[in-house]
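These notes are about the structure you will find just below.
FYI, it's all coordinate maths here, none of it is from the lab. Given the structure is predicted, the values throughout are model-derived calculations rather than measurements. Every residue, glycine among them, receives a Cβ derived from its backbone with ideal geometry; neighbour counts consider all protein chains shown.
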Amino acid sequence: MMKETECPTCKFPSIQARDRLNEVCQFIVPRQTNHLIVPNYGQVPVVKGDLSWLSPEVLIFLNESVQLMKPASIRICNGSVFEAQELRDAIANEFGSDEQKTLDRLHLKLSDIGFDDVHVITKDRMDAEPGLAGSPGSQPSNSSDSAENVRLSSHYMSTKHFEFAKEKRFSGCMTGRTMYLVPFSMGWIGSRHSVVGVQITDDPVLVLNLRSTFRILSSVWDCVAATTNFLRSVHSIGMPRPIIRRIVSPPPIEPPVGSFIVLKHDEQEVWAHGHSFGKTPRFGKTFSLHAASWIGAKRGFLAENAAILAITNPKNEKIYMCYSSLTSVESLQLASGLSPGWKIEVISEKTVWIHWYNGKVYAFDPENDEMADTGTTKNLSNLLAGTTSEYQIESFNPQKTKWESDVGVPISAYIFANRRHDQFPLILEANSWEEGVCLAAGIRVSLPKPKAGSHESTEPQMTECPMLRPDSINYSFAKFVNHWLEMGIGVKSTSSESSDTYEAPLPPPIFFTNLYQEVDGKVAWPGGIDNAKLFEYIYARCTNPMETGNTTQTGIGKVPKSLDLSALVNLPALLQIDIRFWLTELNKLRAFFNIQMECCLPPQLDRVLTGLAGNV
């Protein structure tokens, strides 16, 4: 594994050299001027960086992009702090110009924060759609509110359609602009568990965003050169100079015409065109979740929306859990409800990659959490408002990393935090990985209640949200679920000796929580400080699974007998497994799977549903 290195010029961020930044680094290596010779186009000056950094595969990628987009110059980035300072100054000057007032390409308004509208291209159309029922992007369902369901898959786009759209949108789109070539690493630089990529863009704001999202260092170029299997990403603001049209301000609710994101799964390419990359400055999910889900299905890891929690007991013994929820961890108020000596830390709260390593399941955050503050909306607002002195410039510092190794941390449990008004129990431990995946794949959540005075029905409505993932899955739902099932097959440790009595290691247990049960229209669980008691119970189940004194076995899974709560709660009612409710729920799961997967339904799901119905 390659070690994460510092800047080869000034040795930043090594402690000994940090004081020499401003006075030494920029004078050690003379500025170089070289040119890229592009067939059928001519010479393009490289204003910063060196073409010798690039591998033949990257040069081919760069040549094809220059031929298509016709930039005036090229800048090869290396993630240095001086590079970020130059970009910041360039943006500040540009945003004060009449041209920028016309362009107005970044709309940093709260109403714009949402999910990227992604199109996908695959060799097999079934890899892009949840099933044959309905058109691309539709979500047939057995629920009463099927029109409101979360879209399971992105919009499918044919190769011919994309080639036409690419030629129309990207041809000459960087005329008069600088093309930035940026290397980035999702995860520890040089690790076999990370994914490296190269970003081409004409937007310096995107380059700054990329710095605050992933790891960008000159050593990433070495990782890219060592593989041909890197992620290729192309983005353009779509405004060749001279700019001749004005953007509507404030922007319309609908995305601007021509703004789209396309994932070419099999080629590992991302093509984005429009005034901003997606609807939010934090575009990391397009890479670390949308693209990485398909890559993970091929390479054997999971890429999901989840936080990583570290739970420490009074004996200072620590375990880690993945926590998937549609709300933030902070809303649980865990710190105030813990018993003396307990501690819960949020290691990461964005995207998590899960993989097997040495007989255990590990997880890590592929994003650069150490620089989360520099990518905030407030920081970018300072930049766009011209108050550049308040914009923080940082370079990735390997010495600050939260991860002790490139594989991440071992996971002892996976928790799905559901939000349902009905009789789904307060806390439920699945009997096995397969049963947990089955329940999570068809998980349903309550929709927000209609506002007072609305003509909508006041009856509670539900919608499917597989794995509590609001983002589209981007490939076949059947393959997505089957990949989850395959991840439950234990991988033997490479360091363990072979033995005839060897048993495959077990995956972590899957838990479900539901803090929103209602009785007579009121939430029955007090929440607040008592939320922490659930995590203390899960800790006990993970560290001593054979101890069943405080556990009741039911047909669906295991529930606790008691919890040490601070408030008076009718706990048995919150933990009951109602037979009629679960028979209805299992029937809805089966109908949902049959519609979404049809003939591709994994046989494990049918077996699990039949077994659970029999147990109930």
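Each peptide among 191-204, 327-340 gets the average number of other Cβ atoms lying within 10 Å of its residues, and from highest to lowest they stand as 191-204, 327-340.
With R₀ set to 41 Å, the beta-carbon distance separating A591 from N382 gives a calculated FRET efficiency near 0.20.
Here the residues T551, T286, ranked from fewest to most Cβ neighbours within 10 Å of their Cβ, fall in the order T551, T286. Listing D564, D520 from fewest to most neighbouring C-beta atoms within 10 Å gives D520, D564. The packing ranking, built from the mean of other Cβ atoms within 10 Å per residue, places the peptides 78-85, 52-59, 507-514, 605-612 in the order 507-514, 78-85, 605-612, 52-59, highest first. For region 470-616, with equal point scatterers placed on the C-alpha atoms only and solvent neglected, what are the log10 I(q)/I(0) values from the Debye formula at q = 0.11, 0.16, 0.17 1/Å, to two decimals? Listed by q, the Debye log ratios stand at -0.64, -1.19, -1.26.
Hey, with R₀ at 25 Å, roughly what FRET efficiency would Q553 and D422 work out to, going by the Cβ-Cβ distance, to 0.05? In this case the efficiency is close to 0.65. Fully extending the segment from Q576 to Q43 would add 184.6 nm, taking 0.36 nm per residue of separation and subtracting the current Cα-Cα distance.
On full extension of the chain, what length is gained from R169 through E64, given 0.36 nm per residue of separation minus the C-alpha to C-alpha distance? Spell out each step's value before the answer.
Numbers: separation 105, 0.36 × 105 = 37.80 nm, distance 1.52 nm.
Full extension of this stretch gives 36.3 nm more.
Projecting the Cα positions of V329, I311, T351 onto the charge dipole of region 311-373 (unit charges on Cβ atoms of Lys, Arg, Asp and Glu, taken about the Cα centre) puts I311 furthest along the positive direction. Binning the C-alpha pair distances of region 539-616 at 5 Å intervals from 0 yields a P(r) profile of 3, 12, 18, 16, 16, 15, 10, 6, 3, 0 %, listed from the shortest bin outward.
Annotation: extensible slack from E330 through T543 equals 74.2 nm (criterion: 0.36 nm per residue apart, minus Cα-Cα distance).
By the count of other C-beta atoms within 10 Å, a proxy for reagent exposure, H290, H161 are ordered fewest to most as H161, H290. Placing a pseudo-label 7 Å from each Cα along the Cα-to-Cβ vector at T584 and K561 gives an inter-label distance of 3.1 nm. Cβ-Cβ distance of R192 and D520, R₀ of 60 Å, FRET efficiency by 1/(1 + (r/R0)^6): the value works out to about 0.65. Ranked by the mean number of other Cβ atoms within 10 Å per residue, highest first, peptides 476-482, 521-527 order as 476-482, 521-527. A Cβ-based charge dipole, computed about the Cα centre of region 573-616 with Lys and Arg at +1 and Asp and Glu at -1, lands at about 60 debye. Just want the answer: with Cβ charges of +1 for Lys and Arg and -1 for Asp and Glu, which residue in S405, S432, F416 is farthest toward the dipole's positive end in region 402-452? The Cα lying farthest towards the positive end belongs to F416.
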